1. Taking neighbour counts of Cβ atoms within 10 Å as a proxy for exposure, in what order, fewest first, do Phe128, Phe41 appear?
2. State, to one decimal in nm, how far the label point of Ala123 lies from the label point of Asp99, with both points 7 Å from Cα in the Cβ direction.
3. Using a basic spin-label model with each label point 7 Å from the Cα along Cα→Cβ, how many nm lie between Arg88 and His36?
4. So how do Met58, Met122 line up by other beta-carbon neighbours within 10 Å, fewest first?
5. For Thr43, Thr140, what ranking results if the residue with the fewest other Cβ atoms within 10 Å of its Cβ goes first?
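Laboratory data are not the source of any read-out in this text; all were calculated from the coordinates shown. This one's a predicted model, so the numbers in the text were calculated from it and none came from an experiment. Heads up, the Cβs are rebuilt from the backbone with ideal geometry, glycines too, and the neighbour counts pull from every protein chain shown.
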Amino acid sequence: MESGRLDEVGTAPDEQAIQTTVALDGGGTDIARARHLAAGFLTRLQSEHGLPVSQRAMDVTRLVVSELVTNARKYAPGPILLVLRVTRGTVEVVVWDSDPALPIARAADAGRVGQHGLEIVMAVAQGFEAQREPVGKRITARIALADDPGGAITGRQPL
């Protein structure tokens, strides 16, 4: 089930969070679908809400979504829930899956083929959190929307 619009959800009396949610069934098109959803979400943030989204934020968000959904598909049976939420100038990428085992970043090894996804996410995100849930786990990565060293920002600046 994918929300067809950006849902505004109150997070505090003086703050609104903009979010979208999609349930993925664990099929072969999940990763591409999730990346497409992320790109569309950030594009709508710019066009409908006038929020600044740097090219770096766009690229990093798609990368983080891809890596987290790939890991969920690879290591957890069953459905995946992806939530994209904007609060306080960041986009939160939240991925829930049914496996309660928390991911562990492996030591850097340039000779290792594969299994670098968590390392990549932790290196590019401004925040990372993994929590067990009553069923499975929830992984959250935070990416600054206007973080683009040396690049341009699209949209209006927040007051």
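1. Phe128, Phe41
2. 2.2
3. Taking the two extended label points, one gets 3.4 nm.
4. Least to most surrounded, the residues fall as Met122, Met58.
5. Lowest to highest Cβ neighbour count: Thr43, Thr140.
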